1. Identify, among B:Leu139, A:Val99, B:Gly362, the residue whose Cα sits farthest towards the positive end of the charge dipole of the protein assembly as shown, taking +1 on the Cβ of Lys and Arg and -1 on the Cβ of Asp and Glu, with the dipole about the Cα centre.
2. Excluding B:Ser278 itself, what net charge comes from residues whose Cβ is under 10 Å from its Cβ, given Lys and Arg +1 and Asp and Glu -1?
3. For a quick check: with amide H placed at 1.01 Å from N, whose amide H comes under 5 Å from B:Asn159's, ignoring anything fewer than 5 positions away on the same chain?
4. Relative contact order of chain B, please, whole-number percent, based on alpha carbon pairs below 8 angstrom and at least 6 residues apart.
5. Of all the stretches in chain A, which is the longest one without any exposed loop site, taking trypsin sites (Lys or Arg not before Pro) in a DSSP loop (any state but H, G, I, E, B) with at most 15 other Cβ atoms within 10 Å?
6. Using 1/(1 + (r/R0)^6) with R0 = 60 angstrom and r between the beta carbons of A:Lys243 and A:Glu128, what's the FRET efficiency to the nearest 0.05?
7. Once you order the gyration tensor axes a ≥ b ≥ c over the Cα atoms, which shape class does the range A:4-357 get: rounded for a/c under 1.5, otherwise prolate or oblate by comparing a/b with b/c?
8. With a 10 Å Cβ neighbour count serving as the proxy for reagent exposure, in which order, fewest first, do A:Val12, B:Val216 appear?
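No value in this document is a laboratory result; all are computed from the given coordinates. Small disclaimer: the values here were computed from a predicted structure and weren't measured. Cβ placement follows ideal geometry from the backbone for every residue including glycine, while neighbour counts extend to all protein chains displayed.
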Amino acid sequence: MLDRKILKEIDVTTILLMVAISITGIIFVYSAIYYQGSQYVWKQITWLLLCLVVLLISLMIDYKLYLSISLPLYIFMNLLLLGLLIFGKKIANTRSWIVLGPFQVQPSELTKLVVILVLARIFSEYKEDLMSLKAFLLSTLVVALPATLTALQPDLGTALTYLPILVSTYILAGIKKKHLAVILIAMLVIGLVGWNYGLKDYQKQRIETLLTPDQDPRGAGYQLRQSKIAIGSGGLTGKGYRKGTQSQLRFLPARHTDFIMAVMAEEVGFLGLIIVFSLYFLLLYRLFSSAWVSADRAGVYLAFLAAMLIGCQFLINVMMLVGLFPITGIPVPLISYGGSSLLTSFLACSLAINVRMRRFSFI
Amino acid sequence: MSRIYEDLTVLIKRSKIILYILGAIFLLVLASYWKIQVLDHQKYWKMAEANRTRELPLVAPRGLILDRQQVILADNIPSFKLSLVPEAIDNYEKTIDNLSLLLELGEEELRKRIERYKFVSLYQPVVIKDNLKLEEVSLIEARKEEFPELKLEVEPKRNYPLGSTAAHLLGYLQEASADEIKANPDKQWRLGEMVGKSGLEKQYNDYLTGIEGKLVEMVDSRGRPIAEISRTEPLPGKSLVLSIDIDLQKKAEELLQGREGAIVILEPRTGECLALVSSPSFDPNRFITRFSTEEWLSIVNDPGKPLENRAIRGMYSPGSIFKIIMALAGLDQGLITENSTFFCSGALKLYGNVFSCWYQAGHGRRNLAEAIKDSCNVYFYQLGYQMDIDVIANYARKMGLGQKTNLDIPGEKDGLVPSSEWKRKTMGEPWYPGETISVSIGQGPLLVTPIQIACVTASLANRGLSVRPTLIKENRGELIGSRIQLPRETFEKVIEGMWQSVNNHGTGQGAFQAGLDICGKTGSTQLISRKTAEKIAGEEGQVAKTHSWFTGFAPRENPEIVVTVLVEYGGLGGQTAAPIAGQIFKAYRDKYVRPENIKGN
């Protein structure tokens, strides 16, 4: 049962950082789309409150329990993804949404958490310094299956966010050089085949755009160009809240989701961004430190993978806005508009908090 | 108790290295933002300045509204509107000064107009004046360079070529208010969009509204268009063909000229309304502006209440019209037959009160048809004396009173059919039998609307088949109502009385038209007691008049038209309403009945 002592160990700092970042997000979601009415903001606030409740509830339960049910959960989520592929309704050209009343939920987001649980479970008893072939193949398969199902929706952006989980696992569990070589060659082959057969034209263009952004300003390079103009014209101190011409004049695409950081950069400038980046790094540090104090091996994996999930997604997004990464539909965890993404981020952090809470386990 | 930790040093060491790497990437990313935001700021600033497009909605013309013979009742004409782009203003105070001179608009008013839109983006043009006259347009065109913040546009404006004709049923447009936009997020109304606020324009707003187009243009930093980027043409709204016959509508309006009242003309078989008149009327063209405070107030505050659609919202006592329903109820309950008679001596004493007939000398012995013909009160007092109020209420509801007829324009009133339960609920008192006597001649708390009376008459004309009235031609909705469960002969017996009323020197003889077998019933509603009326008449030297009713249909067999007339303060039904109905029947006959079909021709 839940011990009073454990309850006292709830990591308030992490929760405060999460809420602060989320509220910053809502403030700029409002700036990005207030002319469409305030319903988006209210919806996101509702999601935030809901996420807080879910967070607290999820902390009541020992993370070891999650680990013990991770395999059935994993099977269920994959079946759900498969079911979506077959029976799902197309929304915005992908079959990635389940509609639940007023909310739309993206199972591919939540699956990432289940993948983390399964990986932690696999490695909880694994005491070798480097992964054996079996462990290497198993962990690769665990990540590749839902990632492939997501890529087929087709939601390449979300599928891509599975990759950091896999890479992080390799690093933490230790990968043998020959395995690393195999995986690099495999990715090269998949990349080449994918480029020639798998990728849609617009996806290819986005990658080409990365190499030559100014070639076609109104075409594929448009989004990157507008995003860079927004960020660059923001300058050191920004144009002021709700005064960014790039966002208010609607040059920026997906202003409240994938490009929300560009809206921020334009309106509060480089100095404002430093604050947001710092908050983010503090949060990541806090999540990492949860891994360091963990009582067991599984806890290290959980906290570390959760931190990497959030951290990499944030970095990919901010790199994408300035052309350091191809433009893919990846929201900024905790900041972008969208309930599923917020819920996933909250639950990911809750895993780390859970691990820290129960660091003094008694046998 | 001992704590046993696993050896996790390798894992922790690895994760620490990763955190350092992440930190380094954070710094690298920040460095690249520094490069773009601070070092290259000037370059991007210029690009942002040069890079401004503006999205402008292209208003779709609303669908036309046509009468049953395709006469245009509502169309669209081009109209100029002047907008201000707040972002392009250099000096707000100076702009306000200059504009108020140029447009002959008070500064206060101008500020108010701009304020209305203050929660919209700075780059969205704000409409500050519409329906500009040509002189004003040329004045502004000439000063285009001086006022880059002004934007002159043409938009289709709703136009009602017949002015106040049929204004109540057509309705009018006004700008969607901020509250309405919030309340209807699914309709995606734009600020400043004109939407139907009453009548058919409101009821069928979605049908009439087209799909808005979009113009995307490149503008310079002062908001002046440089180039058009893309243009999606608007899709005009669909047209609405009404069941209204505009000739009959005009005729009916003319007959009510200078009076307050309502006329409903409908086809009993289909429920299609040929005319729906409420007088006095108003000119809906005067509302088609975003700024009409003074004119609007003058119409809203007019004591004649021209905006009120009396045909569906006016609640009146039915007066003697109600005797139709009493007769149906009496026959169906087996209390009377067509041959049973009552004696009228001019008054009847019941429950210690004297209830008088309108004909003080008395009608003598009357059977049912004669009682309807002469509208004898005493006959129906006697009938009401034998009936319970709840039984009467039941028949009234069965015929469609006390509930909306569901005509397809918004705002219809229910009317009121009193019952013992109603009285207990609203006044906390039991129903007194004496009140039943008043109700039996259509007085008392009973309230009906003209459209309800027209529908009752249609059910009667159809010998029991009720219809749902409509203003749309060939409406495929559920128009045919239920069949009223009364034997056909019961209706025939009442219709005989109504036929005599018009054709055999009854109270409805004013409606008589040669060659048309008209059946009808008059009604006059007591507004005040006779004593008070005489007192007022004595003091002010004028006659306090009653509301005047007539409802009827023609021809008697296979009826084609129902006419219901209500004239407020029109006096006796036979004096005012019946002759007006007669004129309408005549107009109908002249237009629709071929000469060889006119009886006796």
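1. The residue sitting most towards the positive pole is A:Val99.
2. It works out to a net charge of 0.
3. B:Asp75, B:Asn76, B:Ile77
4. Relative contact order of chain B: 13 percent.
5. Value returned for the longest uninterrupted segment is A:244-363.
6. 0.60
7. Because a/c hits 1.5 or more and a/b fails to exceed b/c, the range A:4-357 counts as oblate.
8. Neighbour counts put them in this order, fewest first: A:Val12, B:Val216.
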